Amino acid sequence: MSLGEHLIEFRKRLLISAAAIVVALIAGWFLSTWVWEMLRKPINDLEMQGRDAIISYGDISSGFDTKVQIALFIAVLIASPVWLYQVWAFLAPGLTRREKLTGVGFIGAAVPLFLGGAYAGWLVLPNIVRLMASFQPEEDAFYLTARNYLDFAIKLLLAVGVGFVLPVLLVMLNFIGVLRGAAIIRSWRVAILVIILFAAIATPAADLMSMFLLAAPIIVLYFAAAGVALLHDRRVDKRRAAELAEYDLDDDTGREAERGDADRTKGRR
């Protein structure tokens, strides 16, 4: 395809994705009231505990803006099968059969993990709100603007959802030959530190329970990704050794990689 044909194809996929989101926006509009009630439940719980906790609207259009923002967020989630397929349909013709299988597996694993991560973020949201409210004297009012509170809640859900998808990205990099499983295992200390820092940023550092609830499943997913990568590397190495044996050749690449790993280990010692 020429550059012009690619641009026409891209416009077609973009218009279909936009149309799907617009249609889903209608459902999102009707669901927005229920979703907002669920998101503001931690504030309502504080009020039931005797705290003066209120979500306020700073201007005339704040209520409408909040409803539209929630409806759009819901619409993107509902229409995700359509726009994900459009992205895939645009990229697939240029991929090999192996790359297509890898891409399908990545999307099939990433979507439920992202939704599971968003649900985990929802579980820790009440703990975060209670912790933040505890830093204020009980006689003081805990007032939040609707826009700021909604932005905080959505960013938290998105951040945790993306954190759950990152181990799948490691597996994809391994399957396309960019990263070996041994390298993932060797970096486990750094990975755990980064995951804990991520959980501490996504949740207040003082809320150890929420931080643990976020960090623990991501760490488990990291080691699961390392296990899948190691199994894949073993299968690839056996296949490569069999192919080289047919021509009476040695797999010098694998040996050099092993020697390099040993030299780096000695250097650290």
Quick one: would you say residue 132 is part of a helix (DSSP H, G or I), at pLDDT below 85 and either touching a Cys at 6+ places or on another chain (Cβ under 8 Å) or more than 17 Å from residue 200 (Cα to Cα) (or both)? no
Considering only the range 24-46, state which residues are under 25 Å from the mean Cα position of the chain (by Cα) and closer than 26 Å to residue 88 by Cβ. 24, 25, 27, 28
Every listed condition ((1) open to solvent by less than 60 Å² (accessible area, probe 1.4 Å); (2) in contact with a helix residue (DSSP H, G or I) (Cβ under 9 Å, 6 or more places away or on another chain)) holds for residue 81 save (1)
Looking only at residues that are open to solvent by less than 40 Å² (accessible area, probe 1.4 Å) and touching a Lys or Arg at 6+ places or on another chain (Cβ under 9 Å) in the range 124-149, which one is nearest to residue 42 (Cα to Cα)? 126
Scan 101, 193, 173, 157 and give me the residue that is closer than 30 Å to residue 8 by Cα and assigned to a helix (DSSP H, G or I). 101
Filter the range 208-237 for residues that are under 17 Å from residue 123 (Cβ atoms) and open to solvent by less than 20 Å² (accessible area, probe 1.4 Å); which is farthest from the chain's Cα centre (by Cα)? 210
Those residues of the range 180-198 which are buried (at least 19 other Cβ atoms within 10 Å of the Cβ), under 29 Å from residue 101 (Cβ atoms) and of a type outside the set (D, E, K, R) amount to 181, 184, 191, 195
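Yes/no per residue for (1) open to solvent by less than 50 Å² (accessible area, probe 1.4 Å); (2) modelled with pLDDT of 85 or more; (3) outside any helix (DSSP H, G or I); (4) closer than 14 Å to residue 82 by Cα:
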site: 14; (1), (2), (3), (4): no, yes, no, yes
site: 24; (1), (2), (3), (4): yes, yes, no, yes
site: 30; (1), (2), (3), (4): no, yes, no, no
site: 37; (1), (2), (3), (4): no, yes, no, no
Consider only pairs whose beta carbons are under 9 Å apart and that are at least six residues apart or on different chains; among these, list those whose first residue lies in the range 155-170 and is more than 10 Å from residue 117 (Cα to Cα) and whose second residue is assigned to a helix (DSSP H, G or I) and among the hydroxyl-bearing types (Ser, Thr, Tyr). 166/222; 167/222; 170/222
What are the residues in the range 150-179 that are surrounded by fewer than 22 Cβ atoms within 10 Å (Cβ to Cβ) and aromatic (Phe, Trp, Tyr), if any? 152, 175
Against the condition open to solvent by less than 70 Å² (accessible area, probe 1.4 Å), assigned to a helix (DSSP H, G or I) and modelled with pLDDT of 85 or more, how does residue 89 come out, does it pass? no
Tally time: how many residues in the range 43-67 are under 21 Å from residue 23 (Cα atoms), buried (at least 16 other Cβ atoms within 10 Å of the Cβ) and not charged (D, E, K, R)? 1
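The values are calculated or read from the model by the stated rules, or taken from the named source; none is laboratory data. Since the model is a prediction, treat every value here as computed from it, not as a measurement. FYI the Cβ positions are ideal-geometry reconstructions off the backbone, even for glycines, and counts take in every protein chain you see. Note: areas computed on protein heavy atoms with side chains; ligands, DNA, RNA excluded. Shrake-Rupley method; radii C 1.70, N 1.55, O 1.52, S 1.80 Å.
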